[in-house]
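Here the structure is laid out as structure tokens; the discussion comes afterwards.
The values are calculated or read from the model by the stated rules, or taken from the named source; none is laboratory data. Please read all numbers here as calculations on a predicted model, not as lab measurements. Here the Cβ positions follow ideal geometry from the backbone for every residue, glycine too, while neighbour counts run over all protein chains shown.
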Amino acid sequence: MRSSEKIGWFLNFTTPSWITIFGGASAVLAIILFGLHFYSIAVGLLILSFLTDWFDGCLARYQQGDKPVMTPEEETHLTLWNIINYRGVTNFGRALDPLVDKVRFLGLLWTVGTDHVDRGVAILITILAAILTVIRPIKLRLKLGNAGANRWGKYKVYAEVVFVAILVFSTQPLFHRENPLTALSLTHTVINLSATIAMILACASLYTHIENGYIYYRYGRNS
């Protein structure tokens, strides 16, 4: 049995959507605790939140098995409570997962990162995140091809995880009164470099969504 299947078996008492919701709540609580200076607890909750991003997918695939995935139309006939408690893959879960990623990333960017990330970069990242949040349901609504995450969007999520790890572990006083890395000028450079890389990948993801939507609008409907 693979590790992902073991995780699915171990978490089979709940559903993927509840795991995602728990991960989002853990991220929000971690952000609040960073502001209250409970650094060690905040880091623990943040790590747990990142793990749920993996766990919910493992559980969804485990519970889905060989069943066909519900279409968005079929899902509209279920109540929200039924969707959250559905044992398998849902389009609701697919939409909720990136939303939790953005809450976690932007929450830390504008709380922990305010003194370390250039404001212009932070504003551009936030604008791109807002556009990427609305463009996917718009493509889905207008049936402009695949509205799922593209390759650049997946790379962007990895870059955001790296950014958060660098930001937290180089600026927060986790085990000592002060973090010695915070005083280094190189730390500021690395943090902003990682944020800039995430921003560039967000631009690439947005461009790919727009390009694919245009190609499908221009040629796909007539094919």
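Checking I7, I21 one by one, the residue that is under 30 Å from W110 (Cα atoms) and assigned to a helix (DSSP H, G or I) is I21 and no other.
Results for (1) aliphatic (A, V, I, L, M); (2) in the same structural domain as Y62 (by TED's automatic domain parsing); (3) in contact with a strand residue (DSSP E or B) (Cβ under 9 Å, 6 or more places away or on another chain); (4) modelled with pLDDT under 95, shown as yes or no for each residue.
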{"position": "T76", "(1), (2), (3), (4)": "no, yes, no, yes"}
{"position": "N82", "(1), (2), (3), (4)": "no, yes, no, no"}
{"position": "N85", "(1), (2), (3), (4)": "no, yes, no, no"}
{"position": "V89", "(1), (2), (3), (4)": "yes, yes, no, yes"}
{"position": "V100", "(1), (2), (3), (4)": "yes, no, no, yes"}
{"position": "F105", "(1), (2), (3), (4)": "no, no, no, no"}
{"position": "H116", "(1), (2), (3), (4)": "no, no, no, yes"}
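Between S194, S205, the distinction of being hydroxyl-bearing (S, T, Y), touching a Lys or Arg at 6+ places or on another chain (Cβ under 8 Å) and surrounded by 18 or more Cβ atoms within 10 Å (Cβ to Cβ) belongs to S205 only. Tell me whether the range 137-156 contains one or more residues that are surrounded by fewer than 19 Cβ atoms within 10 Å (Cβ to Cβ), in a helix (DSSP H, G or I), basic (K, R) and touching a residue at least 24 places away in the same chain (Cβ under 8 Å). Yes, the range 137-156 contains at least one residue that is surrounded by fewer than 19 Cβ atoms within 10 Å (Cβ to Cβ), in a helix (DSSP H, G or I), basic (K, R) and touching a residue at least 24 places away in the same chain (Cβ under 8 Å). If you go through the range 42-66 and keep only what is farther than 14 Å from A30 by Cα, over 16 Å from the mean Cα position of the chain (by Cα) and surrounded by fewer than 20 Cβ atoms within 10 Å (Cβ to Cβ), you end up with R61, Q63, Q64, G65, D66. Residues that are surrounded by fewer than 17 Cβ atoms within 10 Å (Cβ to Cβ), small (G, A, S), on the phi < 0 side of the Ramachandran plot and at pLDDT below 95 do not occur anywhere in the range 170-179. Filtered by the rule that a residue be assigned to a helix (DSSP H, G or I), out of contact with any Phe, Trp or Tyr (no Cβ under 9 Å at 6 or more places or on another chain) and of a type outside the set (G, A, S), the range 157-179 gives Y158, V162, I166, L167, F169, T171.
Within the range 55-106, the residues that satisfy the criterion of being among the polar types (S, T, N, Q) and farther than 13 Å from T15 by Cβ are T71, T76, T79, N91.
Note on the range 180-191: residues that are outside any loop (DSSP other than H, G, I, E, B) and surrounded by 12 or more Cβ atoms within 10 Å (Cβ to Cβ) amount to 6. Take I125 and tell me if it is farther than 26 Å from L186 by Cα and within 19 Å of the chain's Cα centre (by Cα). Criteria not met by I125.
For the range 47-67, the criterion of a residue being more than 30 Å from N146 (Cα to Cα) and either touching a residue at least 12 places away in the same chain (Cβ under 8 Å) or part of a loop (DSSP other than H, G, I, E, B) (or both) is satisfied by at least one position. Just one of the listed residues (A42, A95) is closer than 22 Å to G153 by Cβ, in a helix (DSSP H, G or I), touching a helix residue (DSSP H, G or I) at 6+ places or on another chain (Cβ under 9 Å) and not acidic (D, E), namely A95. Within the range 4-46, the residues that satisfy the criterion of being without any contact (Cβ under 8 Å) to a residue 24 or more places away in the chain, closer than 21 Å to R87 by Cα and not charged (D, E, K, R) are F10, F13, A25. Scanning the range 68-118 for residues that are in contact (Cβ under 8 Å) with a residue 40 or more places away in the chain, over 30 Å from F38 (Cα atoms) and not aliphatic (A, V, I, L, M) yields a total of 9.
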